[in-house]
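The values are calculated or read from the model by the stated rules, or taken from the named source; none is laboratory data. Since we're looking at a predicted model, the values are computed, not measured. Here the Cβ positions follow ideal geometry from the backbone for every residue, glycine too, while neighbour counts run over all protein chains shown. Note: areas computed on protein heavy atoms with side chains; ligands, DNA, RNA excluded. Shrake-Rupley method; radii C 1.70, N 1.55, O 1.52, S 1.80 Å.
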Amino acid sequence: RYGTPDHATDVYALGALVYTLFARRPPFADAATGREAVESVRTTSPVPPTAVDPDLPDAVDTLVSTAMAGRKLARYDTVEQFKTDLQRLADDYLE
């Protein structure tokens, strides 16, 4: 029903990891366990990282929401594109 894992799945997973690194909590930390948690991941978006840590730049929300978009076609086309935007964000954030 949801297709097989592919490069878009990898982008999503990397987005979830980046979310966790910035927000210091998993993207669906408030979700229930088991089947309910899986359905939550499939049907909802996580709370934006800036809602968890208001000191983060808004660009983090954009980066993560693109990587973790519910529709595969709305995600970054490649991990390289995600990496480029993440590097740009890190360069701007660390200045």
Checking Thr4 against (1) free of Cβ contacts under 8 Å to residues at least 40 places away in the same chain; (2) within 22 Å of Gln81 (Cα to Cα); (3) surrounded by 13 or more Cβ atoms within 10 Å (Cβ to Cβ), which single condition isn't satisfied? (3)
Scan the stretch 46-73 for residues that are surrounded by 12 or more Cβ atoms within 10 Å (Cβ to Cβ) and closer than 15 Å to Thr9 by Cα and report the count. 8
In contact (Cβ under 8 Å) with a residue 24 or more places away in the chain and on the phi > 0 side of the Ramachandran plot - does that describe any residue in the stretch 17-31? yes
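Is the stretch 76-90 home to any residue that is aliphatic (A, V, I, L, M), exposed (fewer than 12 other Cβ atoms within 10 Å of the Cβ) and in contact with a helix residue (DSSP H, G or I) (Cβ under 9 Å, 6 or more places away or on another chain)?
no
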Complete set of residues in the stretch 31-45 that are open to solvent by 70 Å² or more (accessible area, probe 1.4 Å) and touching a Pro at 6+ places or on another chain (Cβ under 9 Å): Ser45
